[in-house]
Structure formats: structure tokens, C-alpha cells
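The next block holds one structure in the form of C-alpha cells; read it before the comments.
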Amino acid sequence: MSIKIISLDMFQTLVNLDRSTMGMWSAILGDDCSEDQANSYQAWLLEHYYEIAGQMRDEGQFLLTKEIYRQCFTRLFATHNIRFAPEQALDILVREHKQAELYEETGDFIRYILGKYQVCIVSDTDQDMLPVFYTRYPIRLFASETYKSYKNDHSNRLFQQLTAHYNVQPAEIIHIGDTASDVLGAKRAGIQACWLNRLSAPWTLGNHTDPDFIIQNLNDARAFL
């Protein structure tokens, strides 16, 4: 069945958050913050994020992404005795998300697929955390904040709404993203799943959940689009 719709994840797919890590933690910890410190605190922050988000999924509940991160900062600062307001840290994180840089191939790839397909973005985030570059293109947004659903949660509503909006067969859609939730949520909805694996990591979730395609950068997708 031919592809009619291309769905794209945002963070770590179209834009690179890694480059903002140092800036965010320097703003929180001070100018003497080292790169190793920034990377360590970022890793701990993400551990808290996945723990809280996973708990919400398991319990069938929903929290805004900003609220999850506020709780993450609260836990992290208490554990490491960091004297900094979680709300202020959240403001910095939101700013860094909005200002995240595009990957080198993102602009050319978007222009390429827009010439052939309808394109949308499906993102587990609040709308005011998103970079605004996508608004320059005819790209529809499906954000977790709008549908009160995360990718691959109990309802999988994000991907169901995607299929319903375009009124096509799920197999006529391909979703490209960098996380397991991108792959598992898409496949649960019958959507073709492309795992963007920039770091050449192994897929460890079993053969029955294998992505339909694996690429290392967005331009690799041109081979099957």
C-alpha cells in the first residue's frame, strides 16, 4: 500500500536538544558548570522524566510535559541539594526547547517530502515548548497537550486521531521518530514505523515490535519514500 501521509516526531528527530544541555545547566548551576556535570544532571533529569511519564502511562493518567519536568526538577534539586527554584529551571528548559537547533538535514528533508506527501508532526509535548519553524510550512500538529494522550499510552489516542483526521488506512501513513514509543505507538495503530536511530543502538524490544524501517538520518528515508 502506497504512503500518503508522513508523520514526524519533533525532538531528537527534527531538532537537536543535545546542544542545549550545557546552556541549560550553566544557567541553573552557574558559569563554572562543567560539561561532565551538565551531562550527568541531564541524565538524572531524564531518568526522573521517564519514571514519572511511565507511571502516568501505567495508571492511565495524563500530565502536561511541563508539569512532569517541574516534578523532575523538584526531585533532582532535593536529592543533590541544589538551591534553585524548580519553576525557574522549568522556564529555562522551555526556552531551550523552543530554541533547539534543527539537524543539518531537517530543512531539506521537509521540503522534499512536502513536494510529495501530506506531512504532520506528532509530539509528546506542550505546544508552547515547540520550536516555531514548522509553522512556516503546511504541517499539521498533533501534540499530547491537545489530545491528553502520549504516544503508546493506554489509549494511543494521538496516533488514532492522526488516522482519523486524514481518513486514510493506517498503513498509508508512516511515522518517523527516535524513541520506542514512536515505533510501538505507531505499530499499535497499524501505522508504518520508521525508527530514527542516530546512534546506531540495537533494537532490544523483540522481533514482534521491530520497526518497519531503520534509518540513521532523515535523508536515509528517501530510499523508500
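The values are calculated or read from the model by the stated rules, or taken from the named source; none is laboratory data. The shown structure was predicted, so the numbers you read here are calculated from the model rather than taken from an experiment. Please note: Cβ atoms are built from the backbone with ideal geometry, for glycine as well, and neighbour counts cover all protein chains shown. Remember, those area values only see protein heavy atoms, side chains included, never the ligands or the DNA or RNA. Shrake-Rupley method; radii C 1.70, N 1.55, O 1.52, S 1.80 Å.
For segment 108-120, the criterion of being within 21 Å of Tyr50 (Cα to Cα) and without any contact (Cβ under 8 Å) to a residue 40 or more places away in the chain is met by no residue. If Met24 meets every condition in (1) within 24 Å of Leu196 (Cα to Cα); (2) at pLDDT 95 or above; (3) in a helix (DSSP H, G or I) apart from one, which number is that one? Checking Met24 against (1) within 24 Å of Leu196 (Cα to Cα); (2) at pLDDT 95 or above; (3) in a helix (DSSP H, G or I), the one that fails is (1). Among the residues of segment 176-189, those identified as open to solvent by 40 Å² or more (accessible area, probe 1.4 Å) and either touching a residue at least 40 places away in the same chain (Cβ under 8 Å) or more than 15 Å from Asp9 (Cβ to Cβ) (or both) are Asp178, Thr179, Arg188. Restricting segment 111-169 to residues that are in a helix (DSSP H, G or I) and among the aliphatic types (A, V, I, L, M), the residue that is most open to solvent (accessible area, probe 1.4 Å) is Ala164. When each of Asp126, Asp178, Asp220, Asp153 is tested for being within 19 Å of Phe62 (Cα to Cα) and modelled with pLDDT of 95 or more, the lone residue that passes is Asp126. For Met1, work out the one condition from (1) more than 21 Å from the chain's Cα centre (by Cα); (2) within 26 Å of Ile214 (Cβ to Cβ); (3) in a helix (DSSP H, G or I) it doesn't fulfil. Answer for Met1: the failing condition is (3). Evaluated against (1) open to solvent by 40 Å² or more (accessible area, probe 1.4 Å); (2) without any contact (Cβ under 8 Å) to a residue 24 or more places away in the chain; (3) out of contact with any Lys or Arg (no Cβ under 9 Å at 6 or more places or on another chain), Glu87 falls short on exactly one condition, (3).
Here is a check on your reading of the model: is Asn197 surrounded by fewer than 16 Cβ atoms within 10 Å (Cβ to Cβ) and in contact with a strand residue (DSSP E or B) (Cβ under 8 Å, 6 or more places away or on another chain)? Even if it seems obvious, please write down each step before you answer.
Details: surrounded by fewer than 16 Cβ atoms within 10 Å (Cβ to Cβ): no; in contact with a strand residue (DSSP E or B) (Cβ under 8 Å, 6 or more places away or on another chain): yes.
No; evaluated as a whole, the condition is false for this residue.
Consider segment 43-55 and keep the residues that are at pLDDT 95 or above and touching a Phe, Trp or Tyr at 6+ places or on another chain (Cβ under 8 Å). The one that is most open to solvent (accessible area, probe 1.4 Å) is Tyr49.
Yes or no, residue by residue, for (1) over 20 Å from Ser181 (Cα atoms); (2) surrounded by 12 or more Cβ atoms within 10 Å (Cβ to Cβ); (3) touching a helix residue (DSSP H, G or I) at 6+ places or on another chain (Cβ under 6 Å):
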| position | (1), (2), (3) |
| --- | --- |
| Trp25 | yes, yes, yes |
| Tyr41 | yes, yes, yes |
| Glu59 | no, no, no |
| Ile68 | no, yes, yes |
| Phe73 | yes, yes, yes |
| Arg83 | yes, no, no |
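Please verify whether Asp108 is in contact with a strand residue (DSSP E or B) (Cβ under 9 Å, 6 or more places away or on another chain), in a helix (DSSP H, G or I), among the charged types (D, E, K, R) and modelled with pLDDT of 95 or more, treating the condition exactly as stated. Steps first, please.
Numbers: in contact with a strand residue (DSSP E or B) (Cβ under 9 Å, 6 or more places away or on another chain): no; in a helix (DSSP H, G or I): yes; among the charged types (D, E, K, R): yes; modelled with pLDDT of 95 or more: yes.
So Asp108 fails the test.
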